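A short write-up of the structure that comes next.
The values are calculated or read from the model by the stated rules, or taken from the named source; none is laboratory data. Being a predicted model, the structure only gives us computed values, none of them experimental. Because the Cβ atoms are built from the backbone with ideal geometry, glycine has one as well, and the counts that use them run over all protein chains shown.
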Amino acid sequence: MGRKPAIDGILARMHPDDLRAYARRAWHVLAALDQDHWARELIARGPLATLDASQALWTHMRSVRPDWPTEADRRADLAHHVVLKHAIDRAAGAFLAAARR
């Protein structure tokens, strides 16, 4: 009771005040800046902007974990895509039903 959990890895080497400052950042401002950045990128470069970003992320991830994605990662990704497809289908059905009224 009252015992603090052990912190392993990189967090153990960080100063608690720095961690608190990071957690208290104005995340909404960063989110707005991110949205503005990608809006400008899409206007300037079209879909190529997101394709280039995804390729850069893929390359980085493979450099960090050459075994990525694993078969389990692929199965989980497919399952998420199937759930998303069903959600999009339901939303499309709702829009079509509303348009027919």
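At-a-glance table
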read-out: Residue within segment 38-50 that is surrounded by 10 or more Cβ atoms within 10 Å (Cβ to Cβ), in a loop (DSSP other than H, G, I, E, B) and of a type outside the set (D, E, K, R) present; value: yes
read-out: Matching residues, segment 59-77, being surrounded by fewer than 10 Cβ atoms within 10 Å (Cβ to Cβ) and aliphatic (A, V, I, L, M); value: Val64, Ala72
read-out: Single match in Ala21, Ala56, Ala31 (criterion: under 30 Å from Leu11 (Cα atoms), surrounded by 10 or more Cβ atoms within 10 Å (Cβ to Cβ), more than 18 Å from the chain's Cα centre (by Cα) and in the same structural domain as Leu11 (by TED's automatic domain parsing)); value: Ala21
